[in-house]
Amino acid sequence: MLALFKGDYATNEPDYRTSSVVYITLAVMDASVIAPIVAALAALGGVALTAFVQARNQVRNQAFLAAMEVERHLRKQQALDQAEMLKRLVVMHKIVSKIEREFSITNLVILLQANTTKAGYDARYLEICGEADELTALAHLYEPAIYDEVERMNGQMNMFWGNFKQVLYQRANGEVTGHQSPALTGAHAAAREVATLGRAVKYHLSQRMRRVRNDC
(Lines give C-alpha, C1' and ligand atoms only; values in the text may rest on other atoms or scores of the structure.)
Protein backbone atom coordinates (compact mmCIF):
# COMPACT_ATOMS: atom_id res chain seq x y z
CA MET A 1 0.00 0.00 0.00
CA LEU A 2 2.97 2.32 0.56
CA ALA A 3 3.73 1.97 -3.13
CA LEU A 4 0.58 3.87 -3.87
CA PHE A 5 2.11 7.01 -2.41
CA LYS A 6 5.70 6.49 -3.47
CA GLY A 7 6.99 9.61 -5.28
CA ASP A 8 9.70 12.17 -5.58
CA TYR A 9 10.59 13.28 -2.05
CA ALA A 10 12.33 16.29 -3.44
CA THR A 11 9.21 17.58 -4.96
CA ASN A 12 6.80 15.76 -2.69
CA GLU A 13 4.90 14.60 -5.82
CA PRO A 14 3.56 11.02 -6.15
CA ASP A 15 5.02 8.65 -8.71
CA TYR A 16 2.01 8.02 -10.95
CA ARG A 17 3.83 5.41 -12.98
CA THR A 18 4.34 3.23 -9.94
CA SER A 19 0.67 3.70 -8.93
CA SER A 20 -0.50 2.53 -12.34
CA VAL A 21 1.50 -0.67 -12.02
CA VAL A 22 -0.03 -1.34 -8.63
CA TYR A 23 -3.56 -0.75 -9.89
CA ILE A 24 -3.01 -3.07 -12.85
CA THR A 25 -1.63 -5.76 -10.54
CA LEU A 26 -4.65 -5.49 -8.27
CA ALA A 27 -6.98 -5.63 -11.26
CA VAL A 28 -5.34 -8.80 -12.50
CA MET A 29 -5.55 -10.29 -9.05
CA ASP A 30 -9.25 -9.33 -8.79
CA ALA A 31 -10.00 -10.98 -12.15
CA SER A 32 -8.21 -14.15 -11.12
CA VAL A 33 -10.34 -14.30 -7.98
CA ILE A 34 -13.63 -13.32 -9.59
CA ALA A 35 -13.38 -15.67 -12.57
CA PRO A 36 -13.70 -18.87 -10.53
CA ILE A 37 -16.56 -17.36 -8.57
CA VAL A 38 -18.38 -16.44 -11.77
CA ALA A 39 -17.73 -19.89 -13.18
CA ALA A 40 -19.05 -21.49 -10.02
CA LEU A 41 -22.14 -19.34 -10.07
CA ALA A 42 -22.67 -20.16 -13.72
CA ALA A 43 -22.33 -23.85 -12.97
CA LEU A 44 -24.81 -23.59 -10.11
CA GLY A 45 -27.18 -21.69 -12.34
CA GLY A 46 -26.86 -24.37 -14.98
CA VAL A 47 -27.57 -27.11 -12.48
CA ALA A 48 -30.58 -25.21 -11.16
CA LEU A 49 -31.88 -24.63 -14.68
CA THR A 50 -31.40 -28.28 -15.57
CA ALA A 51 -33.20 -29.37 -12.41
CA PHE A 52 -36.05 -26.98 -13.19
CA VAL A 53 -36.38 -28.24 -16.75
CA GLN A 54 -36.29 -31.86 -15.59
CA ALA A 55 -38.91 -31.21 -12.92
CA ARG A 56 -41.15 -29.42 -15.39
CA ASN A 57 -40.78 -32.24 -17.92
CA GLN A 58 -41.53 -34.78 -15.22
CA VAL A 59 -44.70 -32.94 -14.27
CA ARG A 60 -45.73 -32.76 -17.92
CA ASN A 61 -45.02 -36.45 -18.44
CA GLN A 62 -47.03 -37.38 -15.38
CA ALA A 63 -49.92 -35.21 -16.55
CA PHE A 64 -49.74 -36.80 -20.01
CA LEU A 65 -49.70 -40.32 -18.57
CA ALA A 66 -52.62 -39.47 -16.28
CA ALA A 67 -54.59 -38.08 -19.23
CA MET A 68 -53.83 -41.20 -21.27
CA GLU A 69 -54.99 -43.41 -18.40
CA VAL A 70 -58.23 -41.47 -18.08
CA GLU A 71 -58.81 -41.70 -21.82
CA ARG A 72 -58.09 -45.45 -21.78
CA HIS A 73 -60.54 -45.93 -18.92
CA LEU A 74 -63.20 -43.89 -20.71
CA ARG A 75 -62.77 -45.92 -23.91
CA LYS A 76 -63.01 -49.14 -21.94
CA GLN A 77 -66.13 -47.95 -20.12
CA GLN A 78 -67.67 -46.78 -23.39
CA ALA A 79 -67.05 -50.19 -24.95
CA LEU A 80 -68.67 -51.88 -21.96
CA ASP A 81 -71.67 -49.53 -22.11
CA GLN A 82 -72.10 -50.16 -25.84
CA ALA A 83 -71.88 -53.93 -25.36
CA GLU A 84 -74.47 -53.72 -22.57
CA MET A 85 -76.75 -51.60 -24.73
CA LEU A 86 -76.52 -54.05 -27.65
CA LYS A 87 -77.31 -56.92 -25.29
CA ARG A 88 -80.30 -55.03 -23.90
CA LEU A 89 -81.63 -54.29 -27.41
CA VAL A 90 -81.36 -57.97 -28.35
CA VAL A 91 -83.26 -58.98 -25.20
CA MET A 92 -86.03 -56.49 -25.96
CA HIS A 93 -86.25 -57.64 -29.59
CA LYS A 94 -86.59 -61.28 -28.50
CA ILE A 95 -89.33 -60.46 -26.00
CA VAL A 96 -91.32 -58.57 -28.61
CA SER A 97 -91.01 -61.51 -31.03
CA LYS A 98 -92.20 -63.89 -28.33
CA ILE A 99 -95.20 -61.70 -27.55
CA GLU A 100 -96.07 -61.47 -31.24
CA ARG A 101 -95.95 -65.25 -31.54
CA GLU A 102 -97.88 -65.94 -28.34
CA PHE A 103 -100.68 -63.52 -29.24
CA SER A 104 -100.98 -64.39 -32.92
CA ILE A 105 -103.87 -65.86 -34.87
CA THR A 106 -101.70 -68.89 -35.66
CA ASN A 107 -101.11 -69.59 -31.97
CA LEU A 108 -104.80 -69.05 -31.26
CA VAL A 109 -105.63 -71.87 -33.68
CA ILE A 110 -102.92 -74.07 -32.13
CA LEU A 111 -104.33 -73.49 -28.64
CA LEU A 112 -107.85 -74.33 -29.77
CA GLN A 113 -106.74 -77.50 -31.51
CA ALA A 114 -104.78 -78.54 -28.40
CA ASN A 115 -107.97 -78.20 -26.32
CA THR A 116 -106.26 -75.80 -23.97
CA THR A 117 -108.03 -75.37 -20.65
CA LYS A 118 -108.79 -72.07 -18.98
CA ALA A 119 -106.38 -72.83 -16.14
CA GLY A 120 -103.68 -73.91 -18.57
CA TYR A 121 -104.06 -70.73 -20.60
CA ASP A 122 -104.02 -68.56 -17.47
CA ALA A 123 -100.64 -70.07 -16.57
CA ARG A 124 -99.30 -69.32 -20.07
CA TYR A 125 -100.62 -65.79 -19.91
CA LEU A 126 -99.06 -65.06 -16.53
CA GLU A 127 -95.71 -66.38 -17.76
CA ILE A 128 -95.64 -64.15 -20.84
CA CYS A 129 -96.82 -61.21 -18.72
CA GLY A 130 -93.63 -61.56 -16.68
CA GLU A 131 -91.57 -61.08 -19.83
CA ALA A 132 -93.81 -58.24 -20.94
CA ASP A 133 -93.14 -56.53 -17.62
CA GLU A 134 -89.40 -56.76 -18.31
CA LEU A 135 -89.94 -55.26 -21.76
CA THR A 136 -91.98 -52.44 -20.25
CA ALA A 137 -89.29 -51.67 -17.67
CA LEU A 138 -86.51 -51.64 -20.28
CA ALA A 139 -88.54 -49.38 -22.55
CA HIS A 140 -89.41 -47.02 -19.72
CA LEU A 141 -85.83 -46.74 -18.43
CA TYR A 142 -83.77 -46.97 -21.62
CA GLU A 143 -85.98 -46.60 -24.70
CA PRO A 144 -88.74 -44.11 -23.80
CA ALA A 145 -89.46 -43.49 -27.49
CA ILE A 146 -91.26 -46.86 -27.68
CA TYR A 147 -92.76 -46.89 -24.21
CA ASP A 148 -96.25 -45.94 -25.45
CA GLU A 149 -96.21 -48.71 -28.09
CA VAL A 150 -95.13 -51.24 -25.50
CA GLU A 151 -97.93 -50.17 -23.16
CA ARG A 152 -100.43 -50.49 -25.99
CA MET A 153 -99.11 -53.99 -26.67
CA ASN A 154 -99.77 -54.85 -23.03
CA GLY A 155 -103.31 -53.62 -23.44
CA GLN A 156 -103.86 -55.74 -26.56
CA MET A 157 -102.38 -58.76 -24.78
CA ASN A 158 -105.05 -58.31 -22.13
CA MET A 159 -107.76 -57.97 -24.80
CA PHE A 160 -106.58 -61.18 -26.45
CA TRP A 161 -106.54 -63.01 -23.12
CA GLY A 162 -110.06 -61.85 -22.21
CA ASN A 163 -111.57 -62.78 -25.58
CA PHE A 164 -109.78 -66.10 -25.77
CA LYS A 165 -110.88 -66.99 -22.23
CA GLN A 166 -114.43 -66.33 -23.36
CA VAL A 167 -113.95 -68.67 -26.32
CA LEU A 168 -112.62 -71.38 -23.98
CA TYR A 169 -115.56 -70.82 -21.62
CA GLN A 170 -118.07 -71.17 -24.45
CA ARG A 171 -116.43 -74.32 -25.75
CA ALA A 172 -116.34 -75.82 -22.26
CA ASN A 173 -120.12 -75.25 -22.06
CA GLY A 174 -120.76 -76.83 -25.46
CA GLU A 175 -121.46 -73.53 -27.23
CA VAL A 176 -120.55 -73.17 -30.88
CA THR A 177 -117.71 -70.69 -31.42
CA GLY A 178 -117.65 -69.95 -35.12
CA HIS A 179 -115.37 -67.49 -36.90
CA GLN A 180 -117.99 -64.79 -36.52
CA SER A 181 -118.37 -65.08 -32.76
CA PRO A 182 -117.67 -61.77 -31.00
CA ALA A 183 -115.09 -63.33 -28.68
CA LEU A 184 -113.10 -64.96 -31.48
CA THR A 185 -113.37 -61.83 -33.62
CA GLY A 186 -112.09 -59.77 -30.72
CA ALA A 187 -109.14 -62.14 -30.22
CA HIS A 188 -108.29 -61.88 -33.92
CA ALA A 189 -108.41 -58.08 -33.79
CA ALA A 190 -106.13 -58.01 -30.73
CA ALA A 191 -103.68 -60.37 -32.44
CA ARG A 192 -103.48 -58.10 -35.50
CA GLU A 193 -102.91 -55.05 -33.31
CA VAL A 194 -100.15 -56.83 -31.37
CA ALA A 195 -98.44 -57.67 -34.68
CA THR A 196 -98.66 -54.05 -35.88
CA LEU A 197 -97.25 -52.65 -32.66
CA GLY A 198 -94.58 -55.34 -32.53
CA ARG A 199 -93.29 -54.41 -36.00
CA ALA A 200 -93.06 -50.75 -34.99
CA VAL A 201 -91.18 -51.55 -31.78
CA LYS A 202 -88.75 -53.92 -33.50
CA TYR A 203 -88.07 -51.38 -36.24
CA HIS A 204 -87.11 -48.83 -33.59
CA LEU A 205 -84.88 -51.38 -31.87
CA SER A 206 -83.12 -52.30 -35.12
CA GLN A 207 -82.47 -48.63 -35.87
CA ARG A 208 -81.07 -48.08 -32.39
CA MET A 209 -78.80 -51.09 -32.75
CA ARG A 210 -77.47 -49.78 -36.08
CA ARG A 211 -76.64 -46.42 -34.51
CA VAL A 212 -74.93 -48.03 -31.53
CA ARG A 213 -72.80 -50.23 -33.79
CA ASN A 214 -71.81 -47.24 -35.92
CA ASP A 215 -70.63 -45.45 -32.77
CA CYS A 216 -68.35 -48.36 -31.80
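Tell me which residues, restricted to segment 159-171, are surrounded by 19 or more Cβ atoms within 10 Å (Cβ to Cβ) and within 15 Å of E102 (Cβ to Cβ).
Within segment 159-171, F160, W161, N163, F164 qualify.
Pick from K94, K76: which is of a type outside the set (S, T, N, Q), within 30 Å of A132 (Cβ to Cβ) and either part of a loop (DSSP other than H, G, I, E, B) or at pLDDT 70 or above (or both)?
K94
From the residues in segment 58-103 that are basic (K, R) and within 30 Å of Q156 (Cα to Cα), which one is surrounded by the fewest Cβ atoms within 10 Å (Cβ to Cβ)?
Only one residue tops the list, namely K87.
Consider L126 carefully, then state whether it is surrounded by fewer than 13 Cβ atoms within 10 Å (Cβ to Cβ) and either farther than 30 Å from R213 by Cα or not hydrophobic (A, V, I, L, M, F, W, C) (or both).
Yes; evaluated as a whole, the condition is true for this residue.
State all residues of segment 97-114 that are of a type in the set (S, T, Y) and more than 17 Å from C129 (Cα to Cα); if no residue qualifies, say none.
Within segment 97-114, just T106 meets the criteria.
Only one of these conditions is not met by Q156: (1) surrounded by 21 or more Cβ atoms within 10 Å (Cβ to Cβ); (2) of a type outside the set (A, V, I, L, M); (3) in contact with a Ser or Thr (Cβ under 8 Å, 6 or more places away or on another chain). Which number is it?
Only one criterion in (1) surrounded by 21 or more Cβ atoms within 10 Å (Cβ to Cβ); (2) of a type outside the set (A, V, I, L, M); (3) in contact with a Ser or Thr (Cβ under 8 Å, 6 or more places away or on another chain) is unmet by Q156, namely (3).
Filter segment 145-184 for residues that are at pLDDT below 95 and of a type in the set (V, I, T); which is nearest to Y203 (Cα to Cα)?
The qualifying residue nearest to Y203 (Cα to Cα) is V167.
Being in a helix (DSSP H, G or I) and either crowded, with 16+ Cβ neighbours inside 10 Å or of a type in the set (F, W, Y) (or both) is the filter here; which residues of segment 172-187 pass it?
A183, L184, G186, A187
Out of A3, A27, A42, A31, report the one residue that is modelled with pLDDT of 65 or more, in a helix (DSSP H, G or I) and not hydroxyl-bearing (S, T, Y).
Checking each option against the conditions leaves just A42.
May I ask you to say which residue of A145, A137, A183, A132 is in contact (Cβ under 8 Å) with a residue 40 or more places away in the chain and among the hydrophobic types (A, V, I, L, M, F, W, C)?
Going through A145, A137, A183, A132 in turn, the sole match is A145.
The values are calculated or read from the model by the stated rules, or taken from the named source; none is laboratory data. These numbers were taken from a predicted model, which means no experiment stands behind them. Glycine also receives a Cβ, built like all others from the backbone with ideal geometry; neighbour counts cover every protein chain displayed.
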